[in-house]
1. Listed residues A:44, A:68; which is surrounded by 14 or more Cβ atoms within 10 Å (Cβ to Cβ), more than 13 Å from chain B (Cβ to nearest Cβ) and not in a helix (DSSP H, G or I)?
2. Given the options B:26, B:12, B:5, B:51, name the one that is within 14 Å of chain A (Cβ to nearest Cβ) and open to solvent by 70 Å² or more (accessible area, probe 1.4 Å).
3. Restricting the search to region A:94-112, which residues are under 18 Å from residue A:24 (Cβ atoms), facing chain B (nearest Cβ under 7 Å) and of a type outside the set (Gly, Ala, Ser)?
4. Filter region B:29-40 for residues that are more than 10 Å from the chain's Cα centre (by Cα) and open to solvent by less than 70 Å² (accessible area, probe 1.4 Å); which is modelled with the lowest pLDDT?
Amino acid sequence: NAGVTQTPKFQVLKTGQSMTLQCAQDMNHEYMSWYRQDPGMGLRLIHYSVGAGITDQGEVPNGYNVSRSTTEDFPLRLLSAAPSQTSVYFCASSPPTGYGYTFGSGTRLTVV
Amino acid sequence: GDSVTQMEGPVTLSEEAFLTINCTYTATGYPSLFWYVQYPGEGLQLLLKATKADDKGSNKGFEATYRKETTSFHLEKGSVQVSDSAVYFCALIGNTGGFKTIFGAGTRLFVKA
């Protein structure tokens, strides 16, 4: 089925480890974003991209890197995991403004 | 900057009750407005949207009207079901350029049989 695919669904990391959360969409959407969801804080934008080769920071970018080499893929890299990065991470994509996002099913990350 | 304020939850209703979840926004000009729903263990799903003043978005029995004069986009449903239990997020995309979506904090709805 068409949509946004995130892997893995669950991950446990030790403090200081690095990893990449994968996100792929097959709808040819130009825009892609990463959010983190924490209890009582709604969704906070980490990084976003308006097209291949173009990325920018959201409101909570520290500790994360992104790249967008293709339209389909938008991986999120944790450079050195910290317990404060324990969260649920969502990738989302959309066509140009006004159409709304399609979200992936999320990655639940625990950093111990 | 742009912002979205939703009523705090949780909201607990009996089946077939009327639902209202309040949402107000702050933004310049005419933003696009959205409601998303998140069921347990899942990602958010777009429920409905409105892109200009007085537009009414509707889907699955839910409705919301874009009120420019009160900067509001309240979500309503005439008769809720147990299956409507979820978290509901109000969101906007400002019209100052770009596509960044600003989300409210979410309102959890519990519907009792």
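The values are calculated or read from the model by the stated rules, or taken from the named source; none is laboratory data. Since we're looking at a predicted model, the values are computed, not measured. Positions of Cβ are backbone-derived with ideal geometry, glycine not excepted, and every protein chain shown enters the neighbour counts. Each accessible area value is taken on the protein alone, full model and side chains, heavy atoms only, with ligands, DNA and RNA left out. Shrake-Rupley method; radii C 1.70, N 1.55, O 1.52, S 1.80 Å.
1. A:68
2. B:5
3. A:101, A:103
4. Of everything passing the filter in region B:29-40, B:29 is modelled with the lowest pLDDT.
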